[in-house]
Amino acid sequence: MQVIEQEKPWVDQVIQKLTDKMDWVSDKSRDKIPYTTQDGVHDDRSGHNPSGNDADGINWWTNGFWGGMLWQMYHVTGEEKYKQYANLVEDKLDACFEQFYGLHHDVGFMWLPTSVANYQLTQNPQSRKRALHAANLLAGRYNPVGEFIRAWNDLPEGDTRGWAIIDCMFNIPLLYWASAETGDPRFRQIAERHADTVMNTFVRPDGSVNHIVEFDPFVGGVVKTYGGQGYEDGSSWTRGQTWGLYGFMMSYRHTGKEEYLHTAKRIAHYFIANIPESGIIHVDFRQPKEPAYEDSTAAAIAACGLIEIAKSVGEHEKDLYLNAALKLLRTLDEQRTDWSRDCDCIVQNGSAAYHNATHHQSIIYGDYYFMEAVLKLKGDELYFW
Ligand code: GLY
């Protein structure tokens, strides 16, 4: 999609800043898989111990985003170094398959921006194999009676056999991809069943979404809901809203089912109605006024989803979505980005969860989705979801 004429100079300027920053950061962090920064320097989540499951190391759910940024830059610039560095990330992720126990449903977040992106651009057969392997692991988490994909393995706090989470809407595109790639409909059938369950049980009448829904893993049916990474049960974790908003657009792109587009629009209308004048997105739309914790990553992901909706609706409708996306992205660019050499990340003030001890940190998926959104405005992003 080409953005409206008057925004083009700004979009080009941001893409220039992105490519300038990635040029030196990619060299500096070539041997890492970063998640956040410590004193401005990328951390590294690629560590692994062959006898462990390294939950916060190589199995960490965000370990696909750095590879995704490198592939986007390879797509935009054609520079070989990005391909080389992205391949290093993908090779490292093989340790997750060996460990096995550390993997949850997040295999889509991990292997779509790495192996599927690689396969799309280079037809690398090893990447195809890795992505199919990950898709099989995801399909194996499907509960056919409850018709949901189990999110996590058991937590120290207890049994999660019946837990599904809204984030999984970003993992199921791996299943659509696997069906398209192999011609075997099973993957796609599972993805659609899961999406239907989410549409019917996570999305509330006002268009907001739950983070976690627990089902009875033996007979199906909703047992209870949880606030998860948001403020409390019944609140509205903003990143969760965006996983739903953009996630249903992904399912719509893969299936053409109108109900997924309508669901994405319902969530979007709720989201747009809650964007404050400042354009700064809080961790939860229903959190107390103070402390005013924010999550810039939610703004970046929402912008991606809103642009996708704008691409799928008629001329008379699209400005609603596009203008909201532009407001979010301009606020990030003007107030929440660091283009200097003092910080390896770009977008500041991300928050992983409302009740975490740490808030307002750089998080790699904030950078990734900001990049994807701006490239979408240019009509030049690599789409692998
Ligand atoms: N998928 C976990 C999160 O959004 O933090």
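The values are calculated or read from the model by the stated rules, or taken from the named source; none is laboratory data. What you see is a predicted model, and the numbers here were worked out from it, not measured in a lab. With ideal geometry, Cβ positions are generated from the backbone for all residues, glycine too; neighbour counts draw on all protein chains shown. Remember, those area values only see protein heavy atoms, side chains included, never the ligands or the DNA or RNA. Shrake-Rupley method; radii C 1.70, N 1.55, O 1.52, S 1.80 Å.
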Unmet criterion (only one of (1) under 30 Å from ASP233 (Cβ atoms); (2) of a type in the set (A, V, I, L, M, F, W, C); (3) in contact with a Pro (Cβ under 9 Å, 6 or more places away or on another chain)) for PHE109: (3)
So VAL76, is it open to solvent by less than 10 Å² (accessible area, probe 1.4 Å) and in a helix (DSSP H, G or I): no
Matching residues in the stretch 1-42 - criterion: being among the polar types (S, T, N, Q) and either within 24 Å of the chain's Cα centre (by Cα) or buried (at least 19 other Cβ atoms within 10 Å of the Cβ) (or both): GLN2, GLN16, THR19, SER26, SER29, THR36, THR37, GLN38
So ARG253, is it surrounded by fewer than 24 Cβ atoms within 10 Å (Cβ to Cβ), more than 14 Å from the ligand (Cβ to nearest atom) and either in contact (Cβ under 8 Å) with a residue 24 or more places away in the chain or closer than 19 Å to THR297 by Cα (or both): yes
Test: residue in the stretch 102-118 that is open to solvent by 40 Å² or more (accessible area, probe 1.4 Å), within 29 Å of VAL213 (Cα to Cα) and touching a residue at least 12 places away in the same chain (Cβ under 8 Å): yes
Top-ranked residue in the stretch 145-161 [being more than 16 Å from the ligand (Cβ to nearest atom) and surrounded by fewer than 22 Cβ atoms within 10 Å (Cβ to Cβ); ranked as nearest to GLY244 (Cα to Cα)]: GLU147
Filter result for the condition that a residue is at pLDDT 95 or above, among the hydrophobic types (A, V, I, L, M, F, W, C) and either more than 14 Å from TRP385 (Cβ to Cβ) or within 16 Å of the ligand (Cβ to nearest atom) (or both), over VAL89, VAL116: VAL89
Residue check for ILE212: among the aliphatic types (A, V, I, L, M), surrounded by 21 or more Cβ atoms within 10 Å (Cβ to Cβ) and within 16 Å of the ligand (Cβ to nearest atom): yes
